[in-house]
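Asks: Let me give you the structure first, and then I'll get to my questions.
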Amino acid sequence: MTIDAIRNRRSVREYKSDQVRDEDITEIIKAAQFGPTAHNNQAIEFVVVREQATKDEIYGITGSDETQRFVSHAPVLLVMVTDKEKTPMPIEDLSAASENVFLEAVSRGLGSVWKHITAEQDPQIKELLGIPGNFTLINVIPIGYAASAPEPKSDYDFQPEKIHQEKW
Ligand SMILES: Cc1cc2nc3c(=O)[nH]c(=O)nc-3n(C[C@H](O)[C@H](O)[C@H](O)COP(=O)(O)O)c2cc1C
């Protein structure tokens, strides 16, 4: 059930060096492509990065913060970009696609995490990867087998007091 994948999805920041199969990456990308986009624009494209030198450069662009070392350690970085000329809502489209990526990854026994990309880092990532200027990105998503991961969410994480019926 989907709720099981949602419970099991946690941000993974330590990865094993084991490679991720191309078939798994394809299915994860399929999950992203099948997500909703504004006016059904379907403008998201994908760069799959496995080269160590490229991952190291992306880690450098994102600030070389030691807590974020997973950017260079994960076996795969999935970079999703969307065409700003084709979507009125790039952040929303990419966010919806990202959640699908997280859920399909966890369903396949893989870990992932949202690594935020700032507006200042956006052109640097695009230049590094040869992505045209009309595209934009909001994150890069490391994917790999977890070396360690937080516990799945449980009903202890449920916050019913935040639910309002009809009015606040
Ligand atoms: C918009 C957004 C930006 C995030 N950026 C980062 C990031 O740059 N680095 C990181 O380690 N985690 C990042 N995260 C992951 C959050 O820290 C994480 O989702 C949160 O701590 C809850 O943990 P969980 O994902 O295991 O439930 C981001 C999450 C979101 C939604």
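The values are calculated or read from the model by the stated rules, or taken from the named source; none is laboratory data. Just so you know, these numbers come straight off a predicted model, no measurement behind them. Positions of Cβ are backbone-derived with ideal geometry, glycine not excepted, and every protein chain shown enters the neighbour counts. What goes into the accessible areas is simple: the full protein's heavy atoms, side chains included, and nothing from ligands, DNA or RNA. Shrake-Rupley method; radii C 1.70, N 1.55, O 1.52, S 1.80 Å.
Asks: So what is the calculated 222 nm ellipticity per residue for the chain, using -39500 (n - 2.57) for each DSSP H run with n of 4 or more, over all residues, to the nearest 500 deg cm²/dmol?
Replies: -10500 deg cm²/dmol
Asks: Follow-up question, since we're still on this one. Please go through region 1-68 and write out the trypsin sites (Lys or Arg not before Pro) that DSSP classes as loop and that have at most 12 other C-beta atoms within 10 Å.
Replies: Arg21
Asks: Next up: Where in region 72-168 are there trypsin sites (Lys or Arg not before Pro) that are in a DSSP coil and have at most 12 other Cβ atoms within 10 angstrom of their Cβ?
Replies: Passing both the DSSP loop test and the Cβ count: Lys167.
Asks: Sum up the charges of everything whose Cβ sits under 10 Å from the Cβ of Val140, counting Lys and Arg as +1 and Asp and Glu as -1, but leave Val140 out.
Replies: That works out to +2.
Asks: First select every other residue whose beta carbon is under 11 angstrom from the beta carbon of Thr37; then total the charges, Lys and Arg +1, Asp and Glu -1.
Replies: In short, -2.
Asks: Follow-up question, since we're still on this one. Can you give me the distance in nm between label points at Lys16 and Ala53, each placed 7 Å from the Cα along the Cα-to-Cβ direction?
Replies: Inter-label distance under the simple model: 2.9 nm.
Asks: Loop only per DSSP, at most 15 neighbouring Cβ atoms within 10 Å: give me the GluC sites (Glu not before Pro) in region 85-168, ordered by residue number.
Replies: Counting only loop positions with at most 15 other Cβ atoms within 10 Å, the GluC sites (Glu not before Pro) in region 85-168 are Glu85, Glu120, Glu166.
Asks: Something else about it: In Å², and per residue, what accessible area does region 15-97 have when probed at 1.4 Å with the other protein chains present?
Replies: 52
Asks: Take the solvent-accessible surface of the protein heavy atoms, probe 1.4 Å, and return the percent of it on the chain that carbon and sulfur atoms account for.
Replies: Working: 4850 of 9670 Å².
Roughly 50 percent, rounded to a whole number.
Asks: Please report Rg (one decimal) and Dmax (integer) in Å for the Cα set of region 1-96.
Replies: Values for region 1-96 (Cα only, Rg and Dmax): 15.0, 40 Å.
Asks: On to the next question. Once the other residues with Cβ under 9 Å from the Cβ of Arg9 are scored (Lys, Arg +1; Asp, Glu -1), what is the net sum?
Replies: Every neighbour counted, the sum reads +2.
Asks: What do you get for Rg/Rh of the chain when both radii come from the Cα atoms and Rh is the Kirkwood radius?
Replies: The Rg/Rh ratio comes out at 0.99.
Asks: While we're here: Which whole-Hz couplings ³J(HN,Hα) result when phi for each residue of region 144-153 is put into the Karplus expression 6.51 cos²θ - 1.76 cosθ + 1.60, θ = phi - 60°, listed in order with x for Gly and Pro?
Replies: x, 7, 5, 7, 7, 8, x, 4, x, 5
Asks: Set the bar at 31 Å for Cα to Cα. Now go through Lys30/Lys86; Lys86/Lys115; Lys115/Lys162; Lys30/Lys153; Lys30/Lys115; Lys16/Lys86 and name every pair that lies beyond it. Spell out each step's value before the answer.
Replies: Working: Lys30/Lys86 20 Å; Lys86/Lys115 24 Å; Lys115/Lys162 27 Å; Lys30/Lys153 25 Å; Lys30/Lys115 20 Å; Lys16/Lys86 37 Å.
Result: Lys16/Lys86 exceed 31 Å.
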